[in-house]
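The values are calculated or read from the model by the stated rules, or taken from the named source; none is laboratory data. Because the structure is a prediction, the values reported are computed rather than measured. Heads up, the Cβs are rebuilt from the backbone with ideal geometry, glycines too, and the neighbour counts pull from every protein chain shown.
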Amino acid sequence: MSNNEIKENTIICVNCPRGCRVRVKSQDGEITDITGHQCDMGIDYAKEEFKNPTRILPTTVRVKNGRLDLVPVKTAKPIPKNKIGAAMQELAGILVEAPVSRGDVITENIADTGIEVVATRSIAKNSKNNDLN
Ligand code: SF4
């Protein structure tokens, strides 16, 4: 049953540094009006974000034998927002062996999205047991 309520969401377009606040009006899950964009890319972005919101996921993964115990990582591309919980759970179970280099692929298909998770900094091997100087 429809309640005919008109909803308005504001979506920040991330396609360029202007960051337009694009307003999307909808009724019964269908877009009825888009305003606030300064170019057509904002329309496409708002439509996609309305239908299938996605985010880059930045987080950390545990490191074994590293100078730090955690390495910062992020998804190589935005993933659907509804996959973020599953992705966090999957990453919580991963332990990578040092050394880790920035850009290393930590996992290739996070939460069955087909998207890689990559390290965003390098973590050297902990040589404290071998190097006493
Ligand atoms: S709508 Fe166009 S001008 Fe505005 S942030 Fe998006 S790409 Fe940039």
Item to complete: Could you tell me which numbered condition R67 fails, if it satisfies all but one of (1) more than 16 Å from the ligand (Cβ to nearest atom); (2) not assigned by TED's automatic domain parsing to the domain that holds K83?
Response: (2)
Item to complete: Looking only at region 100-122, count how many residues are in a strand (DSSP E or B) and over 14 Å from V61 (Cβ atoms).
Response: 0
Worksheet item: Filter region 7-61 for residues that are out of contact with any Lys or Arg (no Cβ under 9 Å at 6 or more places or on another chain) and of a type in the set (S, T, Y); which is surrounded by the most Cβ atoms within 10 Å (Cβ to Cβ)?
Response: Y45
Worksheet item: All but one of (1) out of contact with any Leu (no Cβ under 8 Å at 6 or more places or on another chain); (2) under 27 Å from V118 (Cα atoms) hold for I34; which doesn't?
Response: (2)
Practice prompt. Among the residues of region 95-116, write down those that are surrounded by 15 or more Cβ atoms within 10 Å (Cβ to Cβ) and out of contact with any Leu (no Cβ under 8 Å at 6 or more places or on another chain).
Written response: V96, A98, P99, V100, D104, A111, T113, I115, E116
Discussion item. Can you tell me how many residues within region 13-47 are more than 8 Å from the ligand (Cβ to nearest atom), in contact with a strand residue (DSSP E or B) (Cβ under 9 Å, 6 or more places away or on another chain) and either part of a strand (DSSP E or B) or in the same structural domain as I84 (by TED's automatic domain parsing) (or both)?
Written reply: 11
